[in-house]
Amino acid sequence: MSQQDLHRQTSEVAKPIYVLTQPIADIPNLLNLVPSDGMAWVTGPAMDQHGLIAIGELDRFEISGPERFSRAQSWWRNWTSKSVGDEPIAFSSFTFANDSGNSVVVVPEVVVRRNQFGTTLTVISEKPVTYEKVNEIVNQLLKPKVLVTQNLNPQFSDGSRKVIEWQEIVDEAVRRINLGELDKVVLDRDVIAQ
């Protein structure tokens with residue numbers, strides 16, 4: 001852990017973080033709530049989605065290198081030690097390789113969670129959170145929104161590789177796994193949607 005990370009962690013410990021989670025009216029389509037700069041982890045059909053959506057950003061921790069997981073865990077443990085009330089929630093994204101850029105942990109300001117038990121709203125703030133604040137946020141979330149409908153039928157085309165090239169790469173990876181040359185492989189492919 002660098003001196004800068006340590007200083008940041010110890011200087012932030014003194015400030016409490018307030019977390020309040022409340023049940024709210026059921027919202028079966030979580031993705032309708034996600035703003036353009038929001039985050040989501042959602043599964044299921046449009047009218048029965050389960051998962052989490054996040055709005056706003058209260059804090060962010062970017063890390064890279066071979067110790068990125070342990071550094072993120074340390075940061076999160078320290079961060080949650082100053083929370084008051086309910087459990088805070090964070091979203092994270094980690095790189096596969098040690099040298100492939102930054103990983104990030106983001107603590108949102110608002111999280112809407114839906115599962116088999118219902119829908120809840122969590123507010124995470126540097127100021128005490130009141131039930132009135134929760135109601136204000138719920139009212140904002142449930143306001144009718146203008147839906148963009150001009151591009152309901154996107155056209156897909158090849159990205160940096162043609163489909164046939166991609167299929168050959170996948171076939172080669174499977175062949176090498178079957179020969180015992182590889183244990184696993186991570187592949188991704190870009191596609192252009194217009």
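The values are calculated or read from the model by the stated rules, or taken from the named source; none is laboratory data. Just so it is clear, the structure is predicted and the values come from calculations on it, not from any experiment. Note that each Cβ is placed from the backbone with ideal geometry, even for glycine, and that neighbours are counted across all protein chains shown. When the accessible area is computed, the model is the full protein with side chains, heavy atoms only, and any ligands, DNA or RNA have been set aside. Shrake-Rupley method; radii C 1.70, N 1.55, O 1.52, S 1.80 Å.
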From the backbone phi of segment 177-192, what are the Karplus-calculated ³J(HN,Hα) couplings (6.51 cos²θ - 1.76 cosθ + 1.60, θ = phi - 60°) in whole Hz, Gly and Pro given as x? 5, 4, 7, x, 6, 10, 8, 7, 8, 10, 10, 9, 9, 8, 10, 9
What's the tally of Lys pairs in the chain whose alpha-carbon atoms lie under 30 angstrom apart, where the two lysines are 8 or more places apart or on different chains? 10
How large, in percent, is the carbon and sulfur part of the accessible surface of segment 48-177 at a probe radius of 1.4 Å? 51
Convert 10 °C to kelvin, take the viscosity as 1.306 mPa s, use the Kirkwood radius over C-alpha pairs of segment 23-77 as Rh, and evaluate the Stokes-Einstein diffusion coefficient in µm²/s, rounded to a whole number. 117
Helix axis angle, 131-142 relative to the chain longest principal axis, alpha carbon, degrees: 40
Taking only protein heavy atoms into account and a 1.4 Å probe, give the accessible area per residue of segment 45-128 in Å². 52
At 222 nm, what helix-only mean residue ellipticity would the chain give, in deg cm²/dmol to the nearest 500, using -39500 (n - 2.57) for each DSSP H run of four or more? -8500 deg cm²/dmol
Over the alpha-carbon set of the chain, work out the extent along each principal axis and list the three values in angstrom, largest first. 58, 49, 29
Just to confirm the number: angle between the C-alpha axis of helix 68-81 and the first principal axis of the chain, 0 to 90 degrees, nearest 10? 10
Just order 92-99, 104-111 by mean Cβ neighbour count inside 10 Å, highest at the front, would you? 104-111, 92-99
Loop trypsin sites (Lys or Arg not before Pro), segment 82-166, which have at most 11 other Cβ atoms in a 10 Å radius of their Cβ (DSSP): K145, K162
About the Cα centre, and with charges only on the beta carbon of Lys, Arg (+1) and Asp, Glu (-1), how big is the dipole of the chain? Nearest 20 debye, please. 360
